[in-house]
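The values are calculated or read from the model by the stated rules, or taken from the named source; none is laboratory data. Computed from a predicted structure; not experimentally measured. Reconstructed Cβ throughout: ideal geometry from the backbone, glycine too, with neighbour counts over all protein chains shown. These accessible areas exclude ligands, DNA and RNA; they are computed on the full protein's heavy atoms, side chains included. Shrake-Rupley method; radii C 1.70, N 1.55, O 1.52, S 1.80 Å.
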Amino acid sequence: PAGDAGVTVARNRSNYRLTDADQLGAGGAKQKFRQNVAAIVALRKIEAESRPATQEEKAILAKYTGWGGLPQVFATAEEAPKWKAEQAELKELLKWEEYTSARATVLNAHFTSPTVVRAMYAAVSQLGFTHGRVLEPACGLGHFFGLMPEAMAARSQLTGIEIDSITTRLAKALYPDAVFLEKPFEKAVLATNSFDLAISNVPFGDYAPFDSRLNPKKFLIHDYFLVATAEVVRPGGLIAFITSRGTLDKQYPQTREAVAKTCDLVAAIRLP
C-alpha cells in the first residue's frame with residue numbers, strides 16, 4: 001500500500017520473524033508436549049484479554065509443533081501407559097470440539113524443517129519471484145510465513161489455510177497481518193488465477209477430499225492439493241511444494257497428466 005507522496009509502506013510488520021533462536025522442532029516427545037500446552041495456555045490468555053500477543057508470547061506460541069508426532073496423547077492409558085498424565089491433562093485443557101479437531105490432525109500435522117523452508121525460498125527467488133500474493137494452502141502454524149525472506153515479506157500479501165481451530169488461532173496470533181481461513185482446502189473459496197506463489201508442505205493421506213468440480217477422479221489428498229492449487233495460481237505464477245515419490249514415480253500418470261495440462265515443470269530437487 002502507498003503512503004504519503006507515494007511512499008511504499010512495508011507489509012507484515014506485526015508478523016513474527018522466526019530465527020534459529022526459536023529452535024523449531026527441538027526436544028523429545030515430552031518436551032514437545034509441554035511446549036504445545038504452554039502455547040495453548042498463552043493463547044487462551046491472549047484471547048481472554050482481546051489483545052495482540054507480545055513478542056515474548058509469540059516466542060512461546062512459535063514452539064507449538066502440533067500433534068503429528070504425538071499420537072500417544074490421544075491413546076488410552078492402557079495403550080500408552082507412560083502418557084497417562086498427559087492424556088488426562090490434554091482432555092482437561094481442550095474443549096471437546098478442540099480435542100476432536102486436534103486428534104484428527106495426527107495423520108497430517110507434520111513439521112517442516114526451517115532448513116527445507118529456507119531452501120524452497122532460495123529456489124523460488126532464483127526462479128525470479130520477489131514478492132506478490134502468496135498462498136500457503138496447508139499452513140499449520142505458519143512457518144512458511146515466519147521464515148519468508150524479509151524483503152519478500154515486506155512486499156507480499158499472505159493467505160494461509162488451516163483445518164484445525166487451535167492451530168489457526170495460534171497462527172493468527174503469530175502473524176496478524178496475514179489472512180487465515182480456518183477450513184479444509186477443498187472448502188476454501190479462492191478466486192481462480194489470484195495468487196503469484198503457492199508454497200507449502202501439503203498433507204499426505206490415504207483419502208480423497210470431496211470436490212465435485214476439481215476432484216471427480218478422486219485424487220488422494222496430496223495429489224488433490226497439486227491439482228486444486230493449479231487453479232488458483234495465475235499463469236506465470238509458481239507452485240513450490242514438497243511432494244512425494246508416490247506422486248512423481250507412481251505407475252499411473254493421472255495426477256501428473258492433470259497438473260501438466262496447466263503447469264510446466266520448471267525445477268525439481270530430489271531429496272535423499
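At-a-glance table
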quantity: Scan of segment 103-123 for residues that are within 16 Å of the chain's Cα centre (by Cα) and modelled with pLDDT of 90 or more, ordered by number; calculated: Pro114, Thr115, Val116, Val117, Arg118, Met120, Tyr121
quantity: Counted residues, segment 237-260 - those being in contact (Cβ under 8 Å) with a residue 24 or more places away in the chain and more than 18 Å from Leu197 (Cα to Cα); calculated: 6
quantity: Complete set of residues in segment 35-63 that are open to solvent by 20 Å² or more (accessible area, probe 1.4 Å) and part of a helix (DSSP H, G or I); calculated: Gln35, Ala38, Val41, Arg44, Lys45, Glu47, Ala48, Gln55, Glu56, Glu57, Ala59, Ile60
quantity: Some residue of segment 6-17 being among the small types (Gly, Ala, Ser) and modelled with pLDDT under 95; calculated: yes
quantity: Selected residue (criterion: most open to solvent (accessible area, probe 1.4 Å)) from residues of segment 172-216 that are among the small types (Gly, Ala, Ser) and either more than 17 Å from Ala104 (Cβ to Cβ) or assigned to a strand (DSSP E or B) (or both); calculated: Ser212
quantity: Residue match in segment 159-175 (condition: free of Cβ contacts under 8 Å to residues at least 12 places away in the same chain and under 14 Å from the mean Cα position of the chain (by Cα)); calculated: yes
quantity: Pair list, Cβ < 7 Å and 6+ apart or interchain, from segment 209-236 residues that are without any contact (Cβ under 8 Å) to a residue 24 or more places away in the chain and farther than 17 Å from Lys183 by Cα to residues that are of a type in the set (Gly, Ala, Ser) and open to solvent by 20 Å² or more (accessible area, probe 1.4 Å); calculated: Lys218/Ala208; Leu220/Gly205; Leu220/Ala208
quantity: Top-ranked residue in segment 234-272 [being charged (D, E, K, R) and in contact with a Ser or Thr (Cβ under 8 Å, 6 or more places away or on another chain); ranked as farthest from Ala122 (Cα to Cα)]; calculated: Arg256
quantity: Failed condition for Ile161, given (1) assigned to a helix (DSSP H, G or I); (2) at pLDDT 95 or above; (3) in contact with a helix residue (DSSP H, G or I) (Cβ under 6 Å, 6 or more places away or on another chain); calculated: (1)
